[in-house]
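Encoded as structure tokens, the structure appears first; notes follow it.
A short reminder: the numbers here are calculations on the coordinates, not readings from a lab. Quick caveat: nothing in here was measured; it's all calculated off a predicted structure. Counting neighbours? That spans all protein chains shown, and the Cβs are built from the backbone with ideal geometry, glycine included.
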Amino acid sequence: MTARLRLDALSVCYGAITALDGVSLEVGAGEAVALLGANGAGKSTLLNAVIGLVPSAAGVVSLDGVALTGRAVHRRAALGLGYCPEGRRVFPGMTVYDNLAVASPRAKRAREEAIARQFALFPALADKAYDRAWQLSGGQQQMLAIARALMTEPRVLLLDEPSLGLAPLLAQEMLAHVRAIAASGTAVLLAEQNVATALAVTQRAYVLQVGRVVESGPSAALRTSPAIQAAFLGA
Ligand code: ATP
């Protein structure tokens with residue numbers, strides 16, 4: 001079966017720094033896959049290269065078997081890549097509803113349906129539909145950022161550290177949405193430093209260390225792997 005998202009030997013250098021070194025990975029339809037690694041391991045660089053923000057990246061990124069090489073960010077988005085960068089980037093002065101509405105390229109009816117889908121997925125946002133985004137809690141702003149990325153109905157959602165800066169319980173609640181998003185048919189690639197929770201909400205995971213995949217496999221198996229426990233889980 002063709003992978004929904006596939007990376008073949010993706011490499012990125014920033015001057016003398018090798019940020020990614022021949023990374024290959026796959027995300028299937030309906031699958032949530034974790035991309036784990038410490039600060040500076042290369043997670044953001046990988047997601048940026050997939051969405052097309054790193055023109056110098058070597059290797060091949062393909063979506064449903066179609067190579068994206070040479071395509072600009074907006075083309076990749078139109079083909080079905082959704083991207084939620086690190087840092088809860090929402091429009092603070094706009095309402096929750098308007099933050100979602102401006103992210104949709106569709107006509108009114110389809111746009112309304114897409115907003116209703118986000119409110120079903122994130123009921124906390126429905127309750128705040130006409131509040132300004134700056135009035136939301138950090139967790140709610142992160143939900144809004146993800147909901148906005150889903151407005152284009154992407155085939156693949158790239159999520160960069162959605163739990164960053166959230167209290168542990170909120171982080172768990174946030175990451176639990178990842179399962180629901182994947183179950184609704186959008187493949188998810190989730191970059192996280194919150195290893196235990198990311199492994200709990202994904203089917204498979206890849207571990208990056210200094211730009212290379214050092215381990216990969218089913219998330220359940222990685223949770224009990226001595227190497228993962230030693231590197232990330234404080235065992
Ligand atoms: P973080 O959790 O801090 O975002 P990360 O795993 O996402 O970490 P990257 O941000 O992808 O890691 O960084 C990978 C490496 O590339 C690091 O050594 C970083 O310093 C370097 N790097 C990232 N962006 C640039 C850039 N624009 N110019 C130069 N070096 C960069």
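Apart from one condition, K108 fits all of (1) in contact with a Leu (Cβ under 8 Å, 6 or more places away or on another chain); (2) more than 19 Å from P92 (Cβ to Cβ); (3) among the charged types (D, E, K, R); the exception is (1).
Screening region 1-98 for strands (runs of 3 or more DSSP E) wholly inside it with 1 or more residues that are within 16 Å of the ligand (Cβ to nearest atom) and more than 21 Å from E153 (Cβ to Cβ) returns the ranges 5-14, 17-27, 32-36, 58-63.
Count of region 202-227 residues, restricted to those that are aliphatic (A, V, I, L, M) and surrounded by fewer than 23 Cβ atoms within 10 Å (Cβ to Cβ), is 6. Only residues that are in contact (Cβ under 8 Å) with a residue 40 or more places away in the chain, aliphatic (A, V, I, L, M) and not in a strand (DSSP E or B) were counted across region 179-212, and they come to 9. In region 213-227, the residues that are touching a residue at least 12 places away in the same chain (Cβ under 8 Å) reach residues that are among the small types (G, A, S) and part of a helix (DSSP H, G or I) with C-beta atoms within less than 7 angstrom, at least six apart or across chains, in these pairs: E215/A227.
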